[in-house]
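Readers should treat all values here as calculations from the given coordinates under stated rules, not as data from a laboratory. Keep in mind that what you see is a predicted model, and the values were worked out from it rather than measured. Every residue, glycine among them, receives a Cβ derived from its backbone with ideal geometry; neighbour counts consider all protein chains shown.
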Amino acid sequence: MASPETSLLPIDIIEEIFCRIPIEYLTQFKLTYCKQWHGLLKDKRFIYKYLDLVQERFIRIDHTVQIINPVQGARSSSPIPEEFQNISEISTTVHCDGLLICRCNETRTRRCKLAVWNPFLKHIKWIKPLSFYSVNDFYGIGYNNVSRDEYKILRIFEGELEDDEIAVIGPCEPVIQIYDFKTNAWRIIVDVATLDWSIDPPCKGVSIKGNMYWVAHWNKKPELFILCFDFSTETFKVVCNVPFQCSVLDTASLSSFRGDRLSLLHQREETTKIEVWVTNTLNGDDVVSWEKYLNVTNPDLPTLHTDHDLAHPSYFVDKNDSIIVWCEEVMEDETADDYVCVSVYEISKDGIAKKVVETGRCNLGNYDRPFVCGHVYLPSLVPVPE
């Protein structure tokens, strides 16, 4: 007979069963008295094995935290964590392994705070700055190739230096900092030359296999390219150019593809045509090239980014090779009032666009960008590093 500490089934069978259970139900087993089950859910090997099986979600943060699985139609909503109650907005998020790096703007000031947050486990840790955080910061999160759970945060500051983060006092040299969770401390990368590139602000960065990727442009040339930060060597490198010409009014969005490659969505402003490109590899020193994965010219396609004041769209490619896109749209209701509608679309290879769900709306006159729209997110059991 099994005791409260052991199971009737072998632990490897229990593990295979757990791998088939949706994560929303999996944590309920932590409440059991079986120490074997409880220990399995805290085992690092199992945590990352399970993470690699999880279906992508979207996360939206406004007055609640909403997580939606558009493939299964599942949706959950929970209150904003108490730690974020005095925050006016979470203006930046970067995702890796279910952990979100959140730059938070304090209410009625220009001061910023930084947190690492696992929304699924409801764990939050505040990261103290070396000196200050700025609204001009870019962030990344990743890990070195020694161990997946040795996370680091990258901070890129290139902009206006602010006195007490309130009064702008002028430009300064770029600053690159690394926060290592093993030491719980920031350090400055001193051998970084003056940056001759800038990250494209609207296009969210993507963490893949421990490294960060962004769409960037040269300061003295108009070409767009993919920039990488390698957390193992703590160096930047140019991966490749983007595979298209992109005007100011076009929409470009970066995402991961099958967990180990990049995908890049491009929608032309004048035609609403959508292209999705994927890289052949991201491994080592191999030459990276693009292949057109999706080309949709249906005239009924939605415009994914209708106004520069609206959040940039996010997307992922599902297992059926459709793209799932979360975007904001300005709509008009029966009273002729404009409002912002947050919608999820499924766009297939044959060009059919289907609105999966409308996740929220706000009167345009009251719209103050209180949320990050549609960040691609993987709920996980990865604990916030101590």
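I need the calculated FRET efficiency for the pair Cys19 and Glu82, taking r as the beta carbon distance and R₀ as 35 Å, to the nearest 0.05.
On the way: r = 33 Å, r/R0 = 0.94.
Between Cys19 and Glu82 the formula returns 0.60.
How much FRET efficiency would the formula 1/(1 + (r/R0)^6) give for Asp52 and Asn184, where r is the Cβ-Cβ distance and R0 is 35 Å, rounded to 0.05?
Working: r = 28 Å, r/R0 = 0.79.
That pair, Asp52 with Asn184, gives E of 0.80.
Within 15 Å, Cβ to Cβ, of Leu301, how many net charges do the neighbouring residues add up to if Lys/Arg are +1 and Asp/Glu are -1?
Counting the neighbours of Leu301, the net charge comes to -3.
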Task: Residue-by-residue Karplus 3J(HN,Hα) for segment 59-75, coefficients 6.51, -1.76, 1.60, Hz, glycine and proline x - done: 10, 10, 10, 10, 8, 9, 9, 10, 10, 10, 9, x, 5, 9, x, 7, 8
TODO: Kindly write out, for segment 134-145 in residue order, the coupling ³J(HN,Hα) from the Karplus curve 6.51 cos²θ - 1.76 cosθ + 1.60 (θ = phi - 60°), rounded to whole Hz, with x marking Gly and Pro.
DONE: 10, 5, 8, 6, 10, 10, x, 9, x, 8, 7, 7
TODO: Go through Lys44/Lys349; Lys209/Lys237; Lys221/Lys349; Lys44/Lys182; Lys122/Lys209; Lys42/Lys355 and tell me which ones have a Cα-Cα distance over 27 Å in this structure.
DONE: Lys44/Lys349; Lys221/Lys349; Lys42/Lys355
Open item on the list: Below 13 angstrom from the Cβ of Asp97, what's the summed charge of the other residues (Lys, Arg +1; Asp, Glu -1)?
Closed with: +1
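Which net charge results for the neighbourhood of Val71, defined as the other residues with beta-carbon distances under 10 angstrom from its beta-carbon, given Lys and Arg at +1 and Asp and Glu at -1?
Net charge around Val71: -1.
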